[in-house]
Amino acid sequence: MALGEATLASTAAPTRGQRGKRSRSFVLTLVCSPIFVFLALPTAVVIPMAFTPRRYLEFPPSGLSGHSFANLAKDEAWTSAALTSVKVAAIAVLIGLVMGASAAIALHGAKFRGKGLVVGVIVAPIVAPLIVLGLADYQFFARFQLVGTVLAIGLAHSVIATPYAYLTVEASLAGLDPALVRSARSLGAGHLAVLRHVYLPAIRPGLLAGAAFAFAVSFDEAVIALFLQGPGATTLPVKMFTDIQYELSPKIAAVSSMLVGVATLVLLVQVLVLLRRRGSGATATTVGTP
Amino acid sequence: MTAFGELSSTTTPDRAAARSEARDIEVSDVCKSYGGANAVDGVDFSLQHGEFLTLLGPSGSGKTTTLLMVAGFEQPTSGDIRVAGRSVIHDPPQRRNLGVVFQSYALFPHMSVVENVEFPLTMRGVARRDRRDRAVDILDKVGLAGFDQRRPRQLSGGQQQRVALARALVFEPDALLLDEPLGALDKRLRELMQTEIKALHSRMGISVLYVTHDQDEAMTMSDRIAVMCDGKIVQLGAPADLYHHPVSPFVAQFLGDTNLLACTRQASSEQGRAQVRYTDGSCGLAREVRDHPPAADAFQVSVRPERVDVLQAGETRENQLEATVCDRAFLGSHARYVLHALGQELMIKRVEGERGPALQPGTAVTVGWSADDAQLLAVNDGQ
């Protein structure tokens with residue numbers, strides 16, 4: 001979650017800080033560095049722990065070995081948990097994107113009483129306590145006997161993924177000239193053609209960012225997944241949680257560092273997309289507004 | 001239109017022939033109200049085939065709302081809109097066959113110039129080769145040959161405007177609607193584009209409905225101008241007609257500079273003229289508004305600054321006033337004076353030199369103008 005919020009803030013203000021004074025940026029670095037260290041250190045500690053040669057967790061590691069990773073790959077319980085997590089995240093990303101993007105497009109440029117309320121409801125899952133969501137999901141899916149299925153966890157996760165998709169798509173629509181839509185329609189485009197030729201190109205970066213967030217959110221969500229787990233539906237975080245109660249093996253550290261790796265990768269893709277968009281987007285705005 | 005006649009899917013020969021005397025757009029008694037307030041209030045006009053008609057007015061006068069209703073982006077509260085003889089009131093914008101150009105150009109940023117221009121043809125299912133030919137042809141017409149593969153953001157404002165025009169023309173719309181299309185350009189480019197749009201209009205013979213708040217732009221380009229105020233058309237006519245025969249102080253002031261002098265209406269005389277008495281007691285003669293019986297109790301005479309003459313000894317005019325020179329500004333082609341007369345300012349424009357020497361501030365002069373240059377106007381509230 002911490003990762004999600006940090007990147008979200010940078011998406012919202014992409015142009016800020018391009019022309020800061022040198023002294024100001026120095027002070028900024030001085031103040032921010034310890035904060036970054038404080039935020040990143042606990043995560044970073046896990047990585048050396050994963051390379052311990054022992055059969056238990058230790059810090060600092062007494063040597064260097066990759067055996068915990070090798071064990072992990074051999075253990076079918078872990079690989080199937082990873083696969084489950086990917087499946088769940090796929091469902092969450094797909095549904096979250098469709099719902100978030102359509103909400104953002106529908107609300108784009110719309111003015112009506114109670115719009116704030118509608119947006120509030122869409123974004124609410126971000127702040128809703130996960131434990132409450134988990135309980136509600138459990139009771140809901142129990143009625144349809146879906147508890148313990150990948151589908152149920154995926155659907156539940158799509159609820160918390162939707163606001164992220166909505167926010168990123170909404171942010172990418174903020175720069176869209178409403179005249180583009182009108183212009184397309186006057187040129188003969190129906191609603192579907194407008195969606196394809198005007199909205200889709202505009203929201204592509206937002207969709208990508210939204211997919212990254214939705215994936216990250218689903219991939220490390222443990223509370224809801226714990227409520228809805230079953231023999232065939234144990235996600236990676238749930239497997240870690242249950243495992244840690246029985247044995248403190250370096251496998252946990254290995255999984256953790258892999259999760260950190262995945263999150264970092266998602267973040268990097270995000271940053272790359274953002275940089276590319278800023279590069280081309282900046283030129284477009286300068287010419288567009290003389 | 002004829003250049004593309006054989007490629008058109010919508011224009012049949014019959015219809016093209018019928019159109020020459022037809023009206024391309026008819027707006028009949030259209031109203032639009034937002035929560036009780038009338039943004040457009042009984043607007044009524046028609047755009048003749050091949051005509052350049054401008055809706056001119058200050059912001060909030062309802063001109064853009066009117067255009068958006070014609071284009072189909074706003075639904076009128078009442079009234080009817082016909083395009084090429086067919087009521088389009090229930091048609092969505094994509095079925096009205098009108099080319100619209102917006103102030104922001106609204107080019108699709110992810111498409112090349114030629115793809116932008118092809119877009120309306122793609123939407124109409126025109127075959128790929130045909131599409132490309134027509135797009136390249138029209139780009140050539142707007143002076144952008146060779147720019148096909150550029151992206152919109154690589155073009156200057158004026159070039160983007162041309163692409164927007166080409167895109168709005170390529171599918172042979174029944175009329176072209178332009179919403180303050182030159183508002184974002186600087187003055188020189190704006191003047192250049194005015195000439196080019198006008199040239200394009202006469203070359204292609206397309207009907208144009210143009211919206212602007214710039215009176216010079218309206219005067220330069222239009223066949224007819226509809227001056228709008230508070231959601232109504234206050235006067236509709238040729239630019240010269242509006243300038244010389246305004247029907248209200250609002251129109252007189254909105255189109256060009258004018259002097260408005262309070263007066264009372266004494267009696268009408270022959271040939272649509274009325275005797276008036278100015279506030280200093282002097283009498284004059286002014287033209288009355290045609291087909292417009294004066295029903296107000298307050299009147300003004302409107303006289304253009306360039307029509308006020310400084311009289312030499314012995315010269316007389318139908319309207320004469322004593323005035324004092326207050327200020328002079330030399331503007332090259334002419335000089336602009338501010339005089340003091342009737343307890344208010346009176347602006348006059350004078351070509352200096354042969355017609356008379358420069359007047360020094362403080363000089364007392366007699367100014368006068370003929371009855372034909374004086375327009376008697378009824379003062380209504382607000383207008």
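The values are calculated or read from the model by the stated rules, or taken from the named source; none is laboratory data. What you are looking at is a predicted structure, and each value in this text was computed from that prediction instead of being measured. So basically every Cβ, Gly included, is an ideal-geometry build from the backbone, and we count neighbours across all protein chains shown.
Quick grid of which residues meet (1) touching a residue at least 60 places away in the same chain (Cβ under 8 Å); (2) among the basic types (K, R); (3) out of contact with any Cys (no Cβ under 7 Å at 6 or more places or on another chain); (4) more than 28 Å from B:R132 (Cβ to Cβ):
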{"residue": "B:Q160", "(1), (2), (3), (4)": "no, no, yes, no"}
{"residue": "B:L165", "(1), (2), (3), (4)": "yes, no, yes, no"}
{"residue": "B:A168", "(1), (2), (3), (4)": "yes, no, yes, no"}
{"residue": "B:L178", "(1), (2), (3), (4)": "yes, no, yes, no"}
{"residue": "B:D186", "(1), (2), (3), (4)": "no, no, yes, yes"}
{"residue": "B:L189", "(1), (2), (3), (4)": "no, no, yes, yes"}
Checking B:Q300 against (1) closer than 21 Å to B:V367 by Cα; (2) in a loop (DSSP other than H, G, I, E, B): exactly one of these is not met. Which one? (2)
Out of segment B:357-375, which residues are of a type in the set (G, A, S) and closer than 15 Å to B:R317 by Cβ? B:G368, B:S370, B:A371, B:A374
Take A:V118 and decide whether it is surrounded by 15 or more Cβ atoms within 10 Å (Cβ to Cβ) and touching a Phe, Trp or Tyr at 6+ places or on another chain (Cβ under 9 Å). no
Looking only at residues in segment B:306-330 that are free of Cβ contacts under 8 Å to residues at least 40 places away in the same chain and among the aliphatic types (A, V, I, L, M), which one is surrounded by the fewest Cβ atoms within 10 Å (Cβ to Cβ)? B:A313
Matching residues in segment A:171-187 - criterion: being in contact with a helix residue (DSSP H, G or I) (Cβ under 7 Å, 6 or more places away or on another chain) and away from every other protein chain (no Cβ under 14 Å): A:A171
Based on what the data block shows, is B:A184 over 30 Å from B:V88 (Cα atoms), small (G, A, S) and away from every other protein chain (no Cβ under 11 Å)? no
Quick check on this structure: which one of A:G288, A:G261 is among the small types (G, A, S), modelled with pLDDT under 90 and either loosely packed, with under 13 Cβ neighbours inside 10 Å or in contact with a Phe, Trp or Tyr (Cβ under 7 Å, 6 or more places away or on another chain) (or both)? A:G261
Show me the strands (runs of 3 or more DSSP E) found entirely inside segment B:163-259 where at least 3 residues are hydrophobic (A, V, I, L, M, F, W, C) and under 11 Å from the mean Cα position of the chain (by Cα). B:224-229
Scan segment A:107-116 residue by residue and report those that are free of Cβ contacts under 8 Å to residues at least 12 places away in the same chain and among the small types (G, A, S). A:A110, A:G114, A:G116
Enumeration of residues in segment B:92-115 that are among the small types (G, A, S) and assigned to a loop (DSSP other than H, G, I, E, B): B:S104, B:A106, B:S112
Would you check which residues across segment A:161-180 are part of a helix (DSSP H, G or I) and surrounded by fewer than 21 Cβ atoms within 10 Å (Cβ to Cβ) and list them? A:A171, A:L173, A:P178, A:A179
Considering only residues that are within 20 Å of A:S183 (Cα to Cα), more than 10 Å from chain A (Cβ to nearest Cβ), in contact with a helix residue (DSSP H, G or I) (Cβ under 8 Å, 6 or more places away or on another chain) and of a type in the set (G, A, S), which ones fall in segment B:111-157? B:A135
Reported set for segment A:215-262 where residues are closer than 12 Å to A:I153 by Cβ and of a type in the set (S, T, Y) is A:S218, A:T234, A:T235
Taking segment A:54-106 and keeping only residues that are closer than 25 Å to A:V150 by Cβ, free of Cβ contacts under 8 Å to residues at least 40 places away in the same chain and of a type in the set (D, E), one is left with A:E76
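Determine, yes or no, whether B:T64 is under 18 Å from B:P173 (Cα atoms), hydroxyl-bearing (S, T, Y) and in a helix (DSSP H, G or I).
So B:T64 fails the test.
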Report the residue count in segment B:331-364 for those that are over 19 Å from B:V301 (Cβ atoms), assigned to a strand (DSSP E or B) and touching a residue at least 24 places away in the same chain (Cβ under 8 Å). 4
Answer residue from segment A:56-90, given it is surrounded by fewer than 22 Cβ atoms within 10 Å (Cβ to Cβ) and of a type in the set (V, I, T) and is modelled with the highest pLDDT among those: A:V86
Report those helices (runs of 4 or more DSSP H) wholly inside segment A:188-261 carrying at least 2 residues which are within 24 Å of the chain's Cα centre (by Cα), within 14 Å of chain B (Cβ to nearest Cβ) and more than 22 Å from A:A40 (Cα to Cα). A:200-219
